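What follows is one structure encoded as structure tokens, with my remarks underneath.
The values are calculated or read from the model by the stated rules, or taken from the named source; none is laboratory data. Values in this document were obtained by computation on a predicted structure and should not be read as measured data. Every residue, glycine as well, gets a Cβ built from its backbone with ideal geometry; the counts of neighbours run over all protein chains shown. Just so you know, the surface numbers come from the protein's heavy atoms only, side chains and all, with ligands and any DNA or RNA stripped out. Shrake-Rupley method; radii C 1.70, N 1.55, O 1.52, S 1.80 Å.
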Amino acid sequence: DKYLLIVQIEMLVSKVLTHPGEVEIYLPLYANVTDLKIGLTKGSSIRPTAEKYATEKPVVFYGSSITQGACASRPGNNYINIVSRRLNLDFINLGFSGSARAEPEMIDYLASLDMSVFVSDYDHNAPNVAHLETTHFKLYEKIREKHPDIPYIMASRPDFDNSNNPNESLERINVIYNNFRRAKEAGDNNVYFLNGKGIFTGRDRDLCTIEGCHPTDVGFLKMADAFEDILIRVINDKKM
């Protein structure tokens with residue numbers, strides 16, 4: 001992992017030396033970094049970017065191993081990283097492999113964060129539909145209690161067909177969509193719904209995942225397209 005990280009950074013820095021501009025360095029998705037060094041040739045320098053982010057505060061993504069970035073071929077290919085580059089967004093990635101279940105302690109922590117947009121994308125890690133029903137709206141309510149005006153995106157899982165129970169994915173979508181409607185009917189105009197069913201579709205559908213669940217780079221690109229569309233709406237509607 002250290003070797004791979006060093007190689008990636010050297011490639012990026014080399015690009016800057018020959019083509020001055022802005023570079024983002026993404027750290028490994030599944031490895032701890034204890035020491036980071038960037039070497040420069042004589043006469044080179046590093047300066048802060050002059051460009052400001054499109055939103056004043058970061059977008060917070062909460063979700064599963066897919067949110068975390070499994071199984072992108074490299075860190076920059078995670079859908080969140082792709083979208084952040086396209087829209088110039090700062091973000092906090094709180095994707096947890098196998099353990100994002102909207103526990104009470106995690107809900108409290110998420111609500112404490114200073115953010116511009118919140119994305120609820122933990123459908124995959126809810127162990128069953130009943131758990132999703134029990135926790136999904138509670139998470140929304142807690143975030144709204146602390147952040148009454150920020151845009152809130154409710155997303156369902158993208159691999160709609162990956163279930164031993166053909167009805168389970170539809171039941172999960174219904175839970176999330178019904179909570180979206182419940183929030184809208186209560187007067188919340190800053191809540192959005194992203195239906196994951198429509199993401200892994202089309203001509204390259206068979207290329208989207210490695211095993212029917214975790215995205216390939218093709219799948220992450222399709223996810224980036226879907227999240228980009230809804231985040232553009234969010235930013236334009238809110239004029240942040």
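Table for the structure above
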item	result
The range 54-109: C-alpha gyration tensor shape, a/c 1.5 cut-off, then a/b vs b/c	oblate
For Asn93, net neighbour charge (Lys/Arg +1, Asp/Glu -1) across residues whose Cβ lies under 14 Å away	-2
Helix-only mean residue ellipticity at 222 nm for the chain, each DSSP H run of n ≥ 4 adding -39500 (n - 2.57), per residue, nearest 500	-13000 deg cm²/dmol
At R0 = 22 Å, FRET efficiency that the Cβ-Cβ distance of Ser45 and Arg74 yields, to 0.05	0.25
The chain - Debye-derived log10 I(q)/I(0), Cα point model, q = 0.07, 0.10, 0.14, 0.16 Å⁻¹	-0.25, -0.51, -0.95, -1.20
Pairs beyond 25 Å (Cα-Cα), from Lys184/Lys238; Lys138/Lys197; Lys52/Lys197; Lys146/Lys184	Lys52/Lys197
The chain, accessible area per residue, ligands and nucleic acids excluded (1.4 Å, Å²)	55 Å²
Kyte-Doolittle mean at least 0.0 and Cα axial length at least 15 Å: DSSP H helices in the chain	2-18, 217-238
For the range 131-183, with +1 on Lys and Arg beta carbons and -1 on Asp and Glu, the positive-most of Pro151, Asn165, Tyr177 along the dipole	Pro151
Heavy-atom accessible surface of the chain: percent carbon and sulfur, 1.4 Å	50 percent
Net charge of neighbours whose Cβ lies under 12 Å from the Cβ of Asp123, counting Lys and Arg as +1 and Asp and Glu as -1	-1
Charge context of Thr135, other residues only, Cβ under 11 angstrom, K/R +1, D/E -1	-1
